[in-house]
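Below: the structure, in structure tokens.
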Amino acid sequence: MNEKRHYFGAVLFLAAVIAIGCKKEPVYIGLAKYNASPSNNLLADRIMAIVSEKHPEVVFESENGEGDTEKIEQISAAFAGDARLQLRIAIDGPIAERFAEDAGAPIIYAGVTDPESAGLLSGSNQITGYSDAVSVENAFFDIMAMMPELDNLGQIESANESNSQYIKGVIRYRSALAGINSVKTTLIRNVGQISDAVSALVSTDARVDALYLANSSDLFENVGTIVQIANRNLVPIFSSDPVSSAGTGVMFSYGANYHKMAEATADLIIRYIEAQAEEEKEAIFARNVRTQDGDEAAQVYVDEEVAKKFGVTVPEYILAKAGTSATATPPDQGAEQNEAETE
């Protein structure tokens, strides 16, 4: 009996030694999002979940910038000075832009509409990630299919986000091509000005026919307030963020598929963790910006109940692609679409 006890004791000891020897060292990664907009939350949560499932040894230092410049600077400085971090993950443009200004671990970003204005195309071999730009042309084709009488469009621009000037220019250009007479833009310098900005667009004698919320986390974190004021004044809302628009009262949204973007970004992180040679890591950063190609990168959201309240009939081809990748082709758009313009 004693021999058996000694035998089993030796087996357990050996198993414990092997387990300790096989235990992987922790991999520290810093992840920060600009604010808690629904799409930023989805990107951050899904990226961490996917990576952690494949590599339980990864320890995420997760932060929320709360849309505050001072806090974002503090997060960036802390990450830059943390020698444990092997990667810095930036969710949204203002975070990525600030990370790029500081030395530190390589940067992988997600949800940056215009990487150029965010300073991410400087040629650094330590920055890569995914843009959430999709075809504005296709979005406006769908909008005009729903509201062919649309003449005046309202837009809110956030001074906190460097891509806002670029987005404003794209919207004006695409609106003109779509036959929209004018685009009225109101600038906000902080989220406390959102209510007044919306009211200025929808409650005056020269009110707009509809609002278009372009890529702005400041706006989408406060989309409930925007919808409440606009709908009270009988002005429908279109947007470029399906995740943040779902169930809020926004009528239609054509934007990036953030579920797929989270998967693609997580894949980059996993590739970096598993890279055996320096050349493999360098290959990941060979491109400063990545885009999800074609309509499959986009997602469409339609709230039929909201459309009915505004007397809008949603074409069948739009309903066919709602909630899925935007692959359904409008009946009269034809096969010779211009190559999708990105924001």
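Here, each number is a calculation from the coordinates, and none is a lab measurement. Nothing here was measured: the structure is a model prediction, and the numbers come from that model. Glycine also receives a Cβ, built like all others from the backbone with ideal geometry; neighbour counts cover every protein chain displayed.
Less than 16 Å from a label point 7 Å out along the Cα-to-Cβ axis of residue 271: which backbone N atoms in the range 112-154 qualify, by residue?
From the range 112-154, the list is 125-131.
What share of all Cα pairs of the range 228-283, in percent, falls into each consecutive 10 Å distance bin?
Percent of Cα pairs in each bin: 21, 29, 18, 16, 12, 4.
Please report the projected area of the range 128-227's Cα convex hull averaged over all directions, in nm². Let's see the in-between values first.
Values: hull surface 27.0 nm².
Seen from a random direction, the Cα hull of the range 128-227 projects 6.8 nm² on average.
Which order do the peptides 246-258, 146-158, 59-71 take when ranked by the mean count of other beta-carbon atoms within 10 Å per residue, highest first? Mind dumping the intermediate values first?
Numbers: 246-258: 23.3, 146-158: 19.0, 59-71: 16.8.
Top to bottom by mean Cβ count within 10 Å: 246-258, 146-158, 59-71.
Once you have a ≥ b ≥ c as the square roots of the Cα gyration tensor eigenvalues for the range 62-127, tell me rounded if a/c is under 1.5, and otherwise prolate or oblate according to whether a/b is larger than b/c.
Numbers: a/c = 1.72, a/b = 1.10, b/c = 1.56.
Taking the square roots of the gyration eigenvalues as a ≥ b ≥ c, the range 62-127 is oblate.
For the range 194-289, what ratio Rg/Rh do Cα atoms give with a Kirkwood hydrodynamic radius? Present the calculation step by step, with values, prior to reporting the outcome.
Numbers: Rg = 19.5 Å, Rh = 15.8 Å.
Rg/Rh for the range 194-289 comes to 1.24.
Multiply the residue separation of residue 66 and residue 116 by 0.36 nm, subtract the distance between their alpha-carbon atoms, and state the gained length in nm to one decimal.
Working: separation 50, 0.36 × 50 = 18.00 nm, distance 2.32 nm.
Here the segment from residue 66 to residue 116 would lengthen by 15.7 nm.
Is the shape of the range 101-150 best called rounded, prolate or oblate, per the rule: a/c under 1.5 gives rounded, else a/b larger than b/c gives prolate, else oblate, with a ≥ b ≥ c the square roots of the Cα gyration tensor eigenvalues?
prolate
Determine the distance separating the Cα centre of the range 96-166 from the Cα centre of the range 214-263; give it in Å without decimals.
15 Å
Residue 234 to residue 196: extension gain in nm, 0.36 nm per residue of separation minus the Cα-Cα distance? Let's see the in-between values first.
Details: separation 38, 0.36 × 38 = 13.68 nm, distance 1.66 nm.
Working it through step by step, the gained length comes to 12.0 nm.
With r as the distance between the Cβ atoms of residue 36 and residue 73 and R0 = 30 Å, compute the FRET efficiency 1/(1 + (r/R0)^6) and round to 0.05.
Numbers: r = 18 Å, r/R0 = 0.61.
With R0 = 30 Å, the Cβ-Cβ based efficiency is 0.95.
Be a star and scan the range 175-201 for residues whose amide nitrogen sits under 13 Å from the point 7 Å along the Cα-to-Cβ vector of residue 152.
181-185, 200-201
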